[in-house]
Every structure is written in C-alpha cells, then in structure tokens.
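Structure first, then comments.
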Amino acid sequence: MVKADKNWESGSSLVARQIGSDIITGVYSEGEKLPLEAQLSEKYEVSRNTLREAMRLLAAKNLVEIAPRRGTSVLSREQWNVLDRDLLEWSADHFMHDRRFMEELVRARCMVEPAAAKEAARGATDAQIATLWDSYTNMVAQAEAVDTSASLEADLAFHIAVSEASNNRFIKSIGRSIIHAMRLNFRALFTVPYNFVGNLENHRLVAEKIAARDPLAAEAAMLRLLNQSEGDTIRLFEPDPITSTEGPSSTND
C-alpha cells in the first residue's frame with residue numbers, strides 16, 4: 001500500500017517510484033503493456049487519479065508510453081532517461097550491477113571531463129582554483145577516515161569543482177546531470193580496497209595542471225584518471241583472482 005505521508009512524498013510520487021522500480025528490475029518487461037488501470041489501482045492501493053499522475057511522471061522519464069485507447073506500455077531501455085535522479089535512486093543496486101550501464105557511464109565521462117579540465121585550465125578564476133584545491137585537500141583528509149560516504153562525496157565534489165571551473169554552461173550542465181550516475185559508479189568502485197587512497201595522486205595532478213594554466217596537460221591528466229577508472233570498472237565485473245589476493249590494484253574514480 002502507498003502511504004503518501006511516510007516520506008513526505010505525494011501518493012503519485014510514491015506509486016511512480018514503486019512501478020518505476022518494477023519496470024527497471026524487469027517485473028514489467030520492455031514493450032510489455034501494463035495491466036489495466038483498475039488492476040494497477042487495486043495492486044498499488046491508490047486511486048485512479050493518483051495512478052494517472054504517477055503514469056505521467058513515468059512517461060516524463062521515458063519509462064512508459066501512454067497511448068489513448070491502447071493503454072500504457074513499457075519503453076525500451078534505450079529510451080530511458082538514465083541521468084534522471086529518481087530513476088537512478090529507485091533501483092540503485094540494479095544499476096550498480098549493470099555492466100553496460102557502468103561502462104557506458106565511464107566512456108561518457110571520458111568525452112566530457114577532459115574537456116572540462118582543459119577549459120578550466122584556460123579560464124578558471126583564482127577563486128575556482130582555490131575551491132578545486134580545497135576539494136582535493138578534503139579528499140586527502142577523508143583518506144584517513146573510515147566514513148566511506150564522506151570520502152565518496154569529497155571525490156564527487158572534486159569533479160564538480162572541475163566542471164564548474166570550466167565556465168562553460170554546457171559542460172557545467174552536463175556535469176550536474178551526470179553526477180547522480182557517477183555516485184553509483186563511485187559506490188561500486190569504493191567496494192575495492194584502497195581504491196580511494198590509491199587514486200589521490202591522479203586527482204592532485206589534475207588540480208596541479210589546471211592551476212598551472214596548462215590546458216593540454218590538464219586534459220591529459222584527467223584522461224589518465226578516467227582511463228584508470230574505466231579499467232577498474234571493468235575489473236568489477238571481471239575479478240582477477242591473482243591480483244585480488246596479492247594486494248591493492250591501481251584505482252580510480
């Protein structure tokens with residue numbers, strides 16, 4: 001049963017969360033026509049008006065298509081808005097174990113973040129560079145802590161600082177949009193021992209090259225960081241029994 005006041009969400013938002021999670025995890029398959037409105041209302045114990053609003057929310061995220069007189073159908077995964085924060089939060093564990101999702105995310109970052117670092121080296125303000133160094137310093141401080149969530153957020157803050165320092169509205173918008181997907185990727189990578197600590201040097205080099213106003217070196221430093229990230233992401237799905245028993249491997253995020 002959907003209880004709208006439990007988490008300060010509307011009934012339509014809560015039922016959208018439940019149906020959306022069911023779609024993402026395969027309870028309802030791609031291309032499948034959803035049950036009739038009356039059946040869904042009974043299953044999720046909500047009014048038809050609440051259900052209709054929930055369906056509109058899901059349609060806005062490209063999870064379903066609402067067609068008059070033909071009902072509501074689940075869209076293909078290729079059409080889903082994989083940067084939507086709600087969609088990612090509804091089924092975080094599913095996406096963290098989705099190899100294709102994780103690998104495509106890192107490759108997308110390889111297209112955007114080196115350009116962000118390059119632009120930051122060209123035109124970041126002194127204040128933005130100071131913020132970048134503060135973000136790196138916080139990462140170093142968190143390296144000695146046991147709070148994984150704080151380390152993760154410090155890492156994200158560094159990448160946000162690079163994006164913001166690009167002073168390019170398109171790059172900044174992309175950076176803000178992709179951050180929720182990055183959080184899932186980092187959560188997966190942080191399960192690897194020494195991942196966070198082992199990649200601090202790459203982050204320092206990115207900050208150093210941006211501060212030195214060297215666009216090409218900043219771009220190369222970020223690409224090197226992300227190449228490691230791609231390798232580590234692949235290794236999450238292809239564990240190497242030899243390296244896993246001999247000690248920490250190269251890390252990234």
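The values are calculated or read from the model by the stated rules, or taken from the named source; none is laboratory data. In this text the structure is predicted, and so the values were computed from the model without any measurement. Quick reminder, even Gly has a Cβ in these numbers, built from the backbone with ideal geometry, and neighbours come from all protein chains shown.
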Item checked: Within the stretch 49-79, tally of residues that are in a loop (DSSP other than H, G, I, E, B), of a type outside the set (Lys, Arg) and farther than 24 Å from Arg100 by Cβ -> 1
Check: Taking into account only those residues within the stretch 140-172 that are part of a loop (DSSP other than H, G, I, E, B) and at negative phi, which is surrounded by the most Cβ atoms within 10 Å (Cβ to Cβ)?
Finding: Ser166
Item checked: Qualifying position, being in contact with a Phe, Trp or Tyr (Cβ under 7 Å, 6 or more places away or on another chain), at pLDDT below 95 and in a loop (DSSP other than H, G, I, E, B), among Val2, Val46 -> Val2
Note to self: Checking the conditions here, which among Leu184, Leu205, Leu132 is within 19 Å of Asn227 (Cα to Cα), part of a helix (DSSP H, G or I), at pLDDT 95 or above and among the hydrophobic types (A, V, I, L, M, F, W, C)?
What the structure shows: Leu205
Notebook entry, point to check: assigned to a helix (DSSP H, G or I), among the hydroxyl-bearing types (Ser, Thr, Tyr) and at pLDDT below 95: does that describe Thr233?
Noted result: yes
Margin query: Against the condition over 30 Å from Pro35 (Cα atoms) and either touching an Asp or Glu at 6+ places or on another chain (Cβ under 6 Å) or outside any helix (DSSP H, G or I) (or both), how does Val106 come out, does it pass?
Written below: yes
Notebook entry, point to check: When Glu65 is evaluated against the numbered criteria (1) within 30 Å of Gly231 (Cα to Cα); (2) acidic (Asp, Glu); (3) free of Cβ contacts under 8 Å to residues at least 40 places away in the same chain, which criterion, by number, is the only one it fails?
Noted result: (1)
Next item on the list: Could you pull out the residue among Arg99, Arg17 that is touching a Phe, Trp or Tyr at 6+ places or on another chain (Cβ under 7 Å), outside the structural domain of Phe190 (by TED's automatic domain parsing), in contact (Cβ under 8 Å) with a residue 24 or more places away in the chain and surrounded by 12 or more Cβ atoms within 10 Å (Cβ to Cβ)?
Entry: Arg17
Margin query: Condition check: modelled with pLDDT of 95 or more and buried (at least 18 other Cβ atoms within 10 Å of the Cβ). Does Ala212 satisfy that?
Written below: no
